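S.K.: Supplied in structure tokens, the structure appears directly below.
Values quoted throughout were computed directly from the atomic coordinates according to the rules given, and no laboratory measurement underlies them. Values in this document were obtained by computation on a predicted structure and should not be read as measured data. Every residue, glycine among them, receives a Cβ derived from its backbone with ideal geometry; neighbour counts consider all protein chains shown.
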Ligand SMILES: Nc1ncnc2c1ncn2[C@@H]1O[C@H](COP(=O)(O)OP(=O)(O)OP(=O)(O)O)[C@@H](O)[C@H]1O
Ligand SMILES: [Mg+2]
């Protein structure tokens with residue numbers, strides 16, 4: 001097998017209980033030092049993919065190689081090298097932040113003196129200095145997430161997996177958390193694989209994105225590349241009501257990919273919206289039609305999702321995640337012994 005990225009997935013499949021096909025043959029490569037966003041609606045297969053890549057869940061078929069180690073061949077080796085933070089909180093609420101860090105360091109057999117030094121610098125990095133000696137149960141949501149990030153970094157991994165790290169945080173908490181992730185990447189060269197169902201986060205924070213839907217990757221690329229694949233920007237031209245039809249005139253202008261007319265407005269898809277506007281206004285004016293308004297819009301990831309899946313992006317099932325719902329159902333049916 002040819003290995004490319006620091007994270008390499010090839011035809012990964014997960015079928016739960018022989019019937020639920022949660023991940024349906026996904027392949028991608030993540031480059032070193034990249035923030036790679038795994039974006040999809042509830043139940044798309046994000047947590048399942050992270051669980052396989054982080055060697056917590058055996059793939060039904062396919063391969064995953066992380067930092068040169070195959071997750072199926074050497075799961076323990078993979079776990080020692082990576083950091084992983086799941087949707088649900090794992091910090092011990094009845095310990096302080098500092099104690100949580102030192103316990104985590106102990107799990108990796110880091111000597112006590114070294115554990116203290118690392119804990120101190122992570123506390124500093126995550127701006128938890130004032131809270132470090134308080135019990136975690138007194139922390140805010142944002143502080144808890146920062147502590148979890150610190151815990152996930154205590155063994156100095158080069159690859160970090162984050163499953164919906166900003167779920168439940170307010171906009172300020174989300175922005176703050178992302179600034180830590182970017183700092184870690186910029187200053188420590190960390191590779192970050194992060195799932196989210198927030199389109200805006202993926203758009204602005206990730207270097208590249210894979211969009212997953214019903215267990216299949218429907219598109220991969222930078223947010224700009226994905227938007228470009230839609231045929232460029234959307235320019236809306238409003239003309240004086242009742243004026244002549246300019247569809248063929250606008251269609252003939254340079255860079256235009258398509259034109260839709262609605263009443264006296266034109267929705268124009270064009271390669272680059274800004275230089276198109278003066279050309280269009282001039283052409284309309286020359287044809288004797290007044291332009292009463294213009295908007296230029298870069299397509300959003302909502303439109304990218306719609307284009308690649310044929311349906312609107314929506315977040316189903318408020319509150320519980322797909323994984324939680326599946327696990328609860330299994331518990332009710334008595335198939336699981338209380339733990340995942
Ligand atoms: N332990 C499990 N047993 C059975 N089915 C499961 C299990 N975990 C997840 N599933 C199912 O697999 C599919 C993918 O779930 P997964 O948790 O990977 O999605 P997700 O993209 O992480 O969703 P969310 O955004 O809600 O966290 C869903 O249909 C889910 O119900
Ligand atoms: Mg999930």
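S.K.: Using only helices, what value at 222 nm comes out for the chain when you add -39,500 (n - 2.57) per DSSP H run of length 4 or more and divide by the total residues, to the nearest 500 deg cm²/dmol?
M.R.: Rounded to the nearest 500, it is -10500 deg cm²/dmol.
S.K.: Against the longest principal axis of the chain, how steep is helix 97-107, in degrees 0 to 90 to the nearest 10, with axes from Cα atoms?
M.R.: Orientation of helix 97-107: about 70 degrees from the principal axis.
S.K.: Relative contact order of the range 231-298, please, whole-number percent, based on alpha carbon pairs below 8 angstrom and at least 6 residues apart.
M.R.: Numbers: 127 pairs, mean separation 32.3, N = 68.
Here the relative contact order equals 47 percent.
S.K.: What residue among 188, 214, 197 has the largest mean-square fluctuation in a Gaussian network model of the chain, using Cα springs under 10 Å?
M.R.: 188
S.K.: Now a separate question. For the Cα atoms of the chain, what angle does the longest principal axis make with the long axis of helix 273-286, in degrees from 0 to 90, nearest 10?
M.R.: The helix 273-286 is inclined about 10 degrees to the chain.
S.K.: Report, for the chain, the % of DSSP beta bridges that are antiparallel, rounded to 5.
M.R.: Antiparallel bridges: around 70 percent, rounded to the nearest 5.
S.K.: Now a separate question. Report the residue, chosen from 99, 312, 201, that carries the largest GNM mean-square fluctuation when the chain is represented by alpha-carbon nodes joined by springs under 10 Å.
M.R.: 312
S.K.: Let me ask you something else. Give me Rg/Rg_expected for the chain, where Rg uses Cα atoms only and Rg_expected = 2.2 N^0.38 Å with N residues.
M.R.: Relative to the 2.2 N^0.38 Å estimate, the chain comes out at 1.21.
S.K.: Still on this structure, please answer the following. Can you give me the C-alpha center-to-center distance between the range 240-280 and the range 89-149, rounded to a whole angstrom?
M.R.: 57
S.K.: Next up: Tell me, 163, 302 in order of fewest to most beta-carbon neighbours within 10 Å?
M.R.: 302, 163
S.K.: Ok, one more. Quick one: 270, 107, fewest Cβ neighbours within 10 Å first, how do they rank?
M.R.: By the 10 Å Cβ count, ascending, the order reads 107, 270.
S.K.: Over the chain, what relative contact order in percent results from Cα pairs under 8 Å that are six or more residues apart?
M.R.: Worked out over the chain, it gives 18 percent.
S.K.: Extension gain residue 116-residue 182, at 0.36 nm per residue separation less the Cα-Cα distance, in nm?
M.R.: 21.3 nm
S.K.: For the chain, find the longest principal axis of its Cα atoms and tell me its angle to the long axis of helix 141-152, 0 to 90°, nearest 10.
M.R.: 60
S.K.: Here's a follow-up. If I build a Gaussian network model for the chain, linking alpha-carbon pairs within less than 10 angstrom, which residue out of 78, 294, 50 has the largest mean-square fluctuation?
M.R.: Largest GNM mean-square fluctuation: 294.
S.K.: Using the C-alpha atoms of the range 89-243, what convex hull volume per residue, in cubic angstrom, is computed?
M.R.: Each residue corresponds to 170 Å³ of Cα convex hull volume.
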